Amino acid sequence: MSASKLDAVYRSILLTKFFTKGWGKPENLRRLFEFRKVVSNRDECFKLVERDYPVTITKEQNLTDCRLLEGYFETPLERYLPGIVPEIARKSHFQMLLPLHWPEPNSKPVCLHLAGTGDHYFWRRRNLMVKPLLKEAGIGGIILENPFYGLRKPTDQIRSSLHNVSDIFVMGGCLILESLVLFHWCERNGLGPLGVTGLSMGGHMASLAATNWPKPLVLVPCLSWSTASAVFLQGVMSHSINWDLLEDQYLSDGIYREKLSKMVTIIDEAFLAGKKFARTYSQNIRCSLQKSPTPLVDNIKVETPYSSLDITYKECVSDTKSRNTGIDATKSVREKSVREKLNEDIKSLLEQNKISESLHNKLTSNKKFELDPEEIDLINKLSENKLKEAILNVCNMDKSSTENNEKVETKAVTSAAKKKSWNVSDLTSDLWLNLPFTRSSGKKIDIGKIHWRDRETLQFMRGIMDECTHLSNFSVPFDTSLIIAVCAKHDAYVPRDDVGTLEEIWPGAEVRYVDAGHVSAYILHQSLFRSCIKEAFERSKKKWRDGKHVD
């Protein structure tokens with residue numbers, strides 16, 4: 001996936017910085033992690049908000065083209081996590097637009113619109129989404145003000161700059177429960193079918209909210225994906241975070257490392273580890289075809305075969321003492337399994353007389369070596385084996401042209417080396433290959449100079465983001481056939497590489513793509529977002545009536 005340059009330029013000119021006060025209080029994070037286990041279970045979460053939860057309507061008037069209501073209610077999160085929501089954010093403000101006359105008397109569709117990053121107050125969603133949907137399809141709309149935004153923004157917060165990492169989890173917890181309040185209120189007033197949508201961060205919040213409604217619900221998340229970890233660690237938003245501050249806090253307070261880090265899980269770790277092994281395996285084979293045992297590409301040393309197959313991160317002796325023994329044990333098991341599997345594949349080739357014993361000994365050796373021309377020729381002639389497949393996959397070789405092979409191979413290695421020069425490796429070399437890491441000074445850091453403590457901070461960030469936002473940690477929506485997600489192919493804000501897909505997490509959900517970046521999709525494809533909402537509501541009306549399946 002190529003990232004949009006417009007997204008990067010747009011983000012670079014914004015002054016907004018995130019998490020300027022750090023992680024948040026350790027005790028608040030602990031409470032949020034524990035509460036996540038409740039709200040991620042639909043049966044348990046649904047019990048937290050009663051059907052007659054009090055809602056106050058402060059304004060109601062008929063306009064020339066619609067009926068307008070405004071109201072508020074107390075966020076239910078304050079009941080269960082007292083003091084964790086800032087006082088000004090505890091009152092949930094919303095605005096609602098309904099048609100003066102419903103096109104179909106037995107159908108009164110209403111969609112809840114959640115705010116994306118920087119979407120304060122009601123006017124933007126009201127004019128871009130709610131009013132057009134009302135006019136085009138007779139779909140009513142509810143616009144809920146985000147915690148920390150607009151009427152609910154703390155007085156010392158600048159624009160959308162959330163002070164703490166924990167704030168985004170507070171926001172998510174509030175919106176999940178507040179959505180239930182509004183769905184109940186709509187049902188009490190005879191409205192339905194119901195739906196929820198949002199753009200960017202609003203799309204992800206809509207996805208989380210939809211997991212806890214035990215009835216058919218239209219869901220159209222736009223420009224979002226399966227987890228927020230990729231947004232803050234891989235996307236252009238990562239450059240808006242003061243990593244120095246987060247690292248200092250993480251290392252200075254033992255609670256983060258000793259207690260909180262053990263409460264979170266990196267959801268896609270196994271997937272990434274496997275993907276990284278395939279990449280490392282192929283890259284080492286490619287290097288073995290080069291005449292120099294340690295070739296230099298753009299002044300970057302590329303390790304020769306199998307000596308670099310160790311996918312664990314190596315530290316100096318003094319650093320190793322401070323590492324968690326559980327992590328070391330996991331890495332050791334992973335390293336052993338990788339080496340054993342590789343040796344089995346190579347041994348199989350020897351038994352089939354496809355490689356010589358000397359070549360077998362070289363490939364299974366931990367020492368650096370150089371392949372002879374005859375051995376290179378032998379590998380090129382192999383037909384069905386993983387060594388040959390790895391070479392073809394990485395270098396895209398053309399068997400009929402050795403010269404073309406060398407050009408493609410050189411280009412692939414050069415490209416990989418250039419990419420590696422500005423990306424950060426991770427604590428175990430599996431997880432953070434694609435994460436841009438920037439100091440607050442704006443300087444990119446060379447991969448070889450990243451200390452394990454920097455990586456540990458990144459690992460903790462990914463862990464807590466996955467813990468609280470990864471959709472696989474939550475219940476699957478009641479009817480996934482009513483989900484139409486819209487994504488931008490070149491989204492630099494919400495990268496989709498190396499994380500679970502919506503189709504895998506929610507079988508039956510539909511994902512559509514626009515040939516644009518995040519910013520250009522937001523500007524140019526509002527009509528597409530609305531058409532998907534209308535289509536999803538049509539599906540709901542055909543499939544369900546009063547919550548019962550239509551035969």
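The values are calculated or read from the model by the stated rules, or taken from the named source; none is laboratory data. In this text the structure is predicted, and so the values were computed from the model without any measurement. All Cβ positions, glycine included, derive from the backbone under ideal geometry; neighbour counts span all protein chains shown.
Filter region 85-116 down to the residues that are surrounded by 21 or more Cβ atoms within 10 Å (Cβ to Cβ) and farther than 28 Å from Lys131 by Cβ and list them by number. Matches in region 85-116: Val85 only.
Report whether or not His184 is more than 30 Å from Gly140 (Cα to Cα), in contact with a Lys or Arg (Cβ under 8 Å, 6 or more places away or on another chain) and in contact (Cβ under 8 Å) with a residue 60 or more places away in the chain. Spelling it out, it is not the case that His184 is more than 30 Å from Gly140 (Cα to Cα), in contact with a Lys or Arg (Cβ under 8 Å, 6 or more places away or on another chain) and in contact (Cβ under 8 Å) with a residue 60 or more places away in the chain.
Being assigned to a loop (DSSP other than H, G, I, E, B) and either surrounded by fewer than 24 Cβ atoms within 10 Å (Cβ to Cβ) or in contact with an Asp or Glu (Cβ under 6 Å, 6 or more places away or on another chain) (or both) is the filter here; which residues of region 177-199 pass it? Within region 177-199, Asn189, Gly190, Leu191 meet the criteria. State whether one or more residues within region 144-157 are buried (at least 17 other Cβ atoms within 10 Å of the Cβ), of a type outside the set (Asp, Glu) and more than 25 Å from Phe35 (Cβ to Cβ). Among the residues of region 144-157, not one is buried (at least 17 other Cβ atoms within 10 Å of the Cβ), of a type outside the set (Asp, Glu) and more than 25 Å from Phe35 (Cβ to Cβ), which makes the answer no.
Out of Lys59, Lys37, report the one residue that is among the basic types (Lys, Arg) and in contact with a strand residue (DSSP E or B) (Cβ under 9 Å, 6 or more places away or on another chain). Lys59 is the lone residue from the list that is among the basic types (Lys, Arg) and in contact with a strand residue (DSSP E or B) (Cβ under 9 Å, 6 or more places away or on another chain). The set of residues from region 205-227 being closer than 21 Å to Leu6 by Cα and under 12 Å from the mean Cα position of the chain (by Cα) comprises Leu223, Ser224, Trp225.
Here Asp119 meets the list (1) at pLDDT 95 or above; (2) buried (at least 16 other Cβ atoms within 10 Å of the Cβ) almost entirely, failing just condition (1). Within region 108-140, which residues are among the β-branched types (Val, Ile, Thr) and out of contact with any His (no Cβ under 8 Å at 6 or more places or on another chain)? Matches in region 108-140: Val110, Thr117, Ile139.
Name every residue in region 43-80 that is surrounded by fewer than 17 Cβ atoms within 10 Å (Cβ to Cβ) and under 13 Å from Val170 (Cβ atoms), in order of residue number. Residue satisfying the conditions is Tyr80 alone. When Cys174 is tested against (1) of a type outside the set (D, E, K, R); (2) in contact with a Pro (Cβ under 9 Å, 6 or more places away or on another chain); (3) not in a helix (DSSP H, G or I), just one condition goes unmet, and that condition is (3).
Going by the structure shown, is Leu524 touching a Leu at 6+ places or on another chain (Cβ under 9 Å) and not β-branched (Val, Ile, Thr)?
no
Among the residues of region 121-171, those identified as closer than 23 Å to Asn106 by Cα, touching a strand residue (DSSP E or B) at 6+ places or on another chain (Cβ under 8 Å) and either part of a helix (DSSP H, G or I) or charged (D, E, K, R) (or both) are Val130, Lys131, Leu133, Leu134. Exactly one residue among Ser207, Ser224 is in a helix (DSSP H, G or I), of a type in the set (Ser, Thr, Tyr) and within 25 Å of Glu538 (Cβ to Cβ), and that residue is Ser207. The single condition among (1) more than 29 Å from Val9 (Cα to Cα); (2) modelled with pLDDT of 95 or more that Tyr513 does not satisfy is (1). If you filter region 48-74 down to residues that are under 14 Å from Leu151 (Cα atoms) and in contact (Cβ under 8 Å) with a residue 24 or more places away in the chain, you find that the one that is nearest to the chain's Cα centre (by Cα) is Phe73. When Asn127, Asn146 are checked against the criterion of being free of Cβ contacts under 8 Å to residues at least 24 places away in the same chain and in the same structural domain as Gln526 (by TED's automatic domain parsing), Asn127 stands alone in meeting it. In region 465-551, counting only helices (runs of 4 or more DSSP H) that sit wholly within it, the ones holding 2 or more residues that are of a type in the set (Phe, Trp, Tyr) and more than 19 Å from Gly235 (Cβ to Cβ) span 526-543.
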